[in-house]
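In what follows, a structure is listed as structure tokens, so that the remarks can point back to it.
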Amino acid sequence: MRILALDTAGSAASVAVLDLSGGVAAAGERLVVRFDPSPTGHAERLMTMITEAIGDLSLVPADLDRIAVSLGPGSFTGVRIAVATARGLAFALSRPLIGVGSLEAIAAASRAAHPGLPVIAAIDAKRDTLYLQGFDHAGAPLGPARAVPLAEAAALVPAGAVLTGSGADILADLSRRAGLATGPVEPGRIVEAATIARIAAARTPEPVAPEPIYLRPPDAKPQKRLPGLLAPGS
């Protein structure tokens, strides 16, 4: 199985091609990752990153078996870029498209580093809000991804849970103030396309295309009509 995975939901862009045709063991897999830390220009560079990653394994797009993409939450524009690109590739190649939540991907990487512990993935959504989702020690979600006000976030943290993601430090501080003991804190964890690819390899494709996870409306609002200007159609 060969999987192309994309992520532009956060401040960086990443692409991974995971080739498991030699077996699922680490010795039998091939993995290429392209990573761009720039917070802008993802739409312009994503297809180049995809082409380079596929070519590095001496493959062509038709060799891919699945397309995987991070669904968010995250940057509204970034989520749209990756999902639209993944949908286009899946349609053009007649391949299944598998969506993976950004919080799920962050939590999966932390769970691998801290087996046996529950994990709370937290993304700093600004405006006194965290995007949160919890997972038990086996990786099963404790509930859906949510946009949670800071004042309510600590109450959702199980005792001893690993806190991970860009909002981990914020959540750890809130938990300490509430007198709650947490497990390891990993604020440096971000969504990685390689993790998305591994999750997608083990997932059965759904018959319906996955939808983005936005959790709240975009920050940008349509401009109001300036005084003295005619409304459209006037």
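Applying a threshold of 7 Å to beta carbon distances and a minimum spacing of six or more residues, or different chains, the list of pairs starting in region 35-52 at a residue that is free of Cβ contacts under 8 Å to residues at least 40 places away in the same chain and in the same structural domain as ILE67 (by TED's automatic domain parsing) and ending at one that is loosely packed, with under 13 Cβ neighbours inside 10 Å and among the basic types (Lys, Arg) is empty. Residues of region 137-147 include none that is over 14 Å from GLU186 (Cβ atoms), touching a Phe, Trp or Tyr at 6+ places or on another chain (Cβ under 6 Å) and not assigned by TED's automatic domain parsing to the domain that holds THR182. For region 22-39, a tally of residues being modelled with pLDDT under 95 and either exposed (fewer than 12 other Cβ atoms within 10 Å of the Cβ) or hydrophobic (A, V, I, L, M, F, W, C) (or both) returns 9.
Among the residues of region 65-96, the ones that are closer than 22 Å to ARG30 by Cβ and surrounded by 21 or more Cβ atoms within 10 Å (Cβ to Cβ) come to 7 in all.
I need the full set of residues from region 156-166 which are in contact with a strand residue (DSSP E or B) (Cβ under 9 Å, 6 or more places away or on another chain) and modelled with pLDDT under 95, in order please.
Of the residues in region 156-166, the ones in contact with a strand residue (DSSP E or B) (Cβ under 9 Å, 6 or more places away or on another chain) are 156-158, 161-166.
Correct list: LEU156, VAL157, PRO158.
Listed by first and then second residue, the pairs with beta-carbon distance under 6 Å, at least 6 apart or on different chains, first residue in region 176-204 and within 19 Å of GLY134 (Cβ to Cβ), second in a helix (DSSP H, G or I) and among the acidic types (Asp, Glu), are PRO187/ASP169.
From the residues in region 53-96 that are in a loop (DSSP other than H, G, I, E, B) and of a type in the set (A, V, I, L, M, F, W, C), which one is nearest to TYR131 (Cα to Cα)? It comes out as LEU71. Residues that are surrounded by fewer than 17 Cβ atoms within 10 Å (Cβ to Cβ) and on the phi < 0 side of the Ramachandran plot: does region 9-18 have at least one? Within region 9-18 (the criterion being surrounded by fewer than 17 Cβ atoms within 10 Å (Cβ to Cβ) and on the phi < 0 side of the Ramachandran plot), the answer is yes, since at least one residue qualifies. So which of ALA138, ALA147 ends up being in contact with a strand residue (DSSP E or B) (Cβ under 9 Å, 6 or more places away or on another chain) and among the aliphatic types (A, V, I, L, M)? ALA147 is the lone residue from the list that is in contact with a strand residue (DSSP E or B) (Cβ under 9 Å, 6 or more places away or on another chain) and among the aliphatic types (A, V, I, L, M).
The values are calculated or read from the model by the stated rules, or taken from the named source; none is laboratory data. Source: prediction; values computed, not measured. FYI the Cβ positions are ideal-geometry reconstructions off the backbone, even for glycines, and counts take in every protein chain you see.
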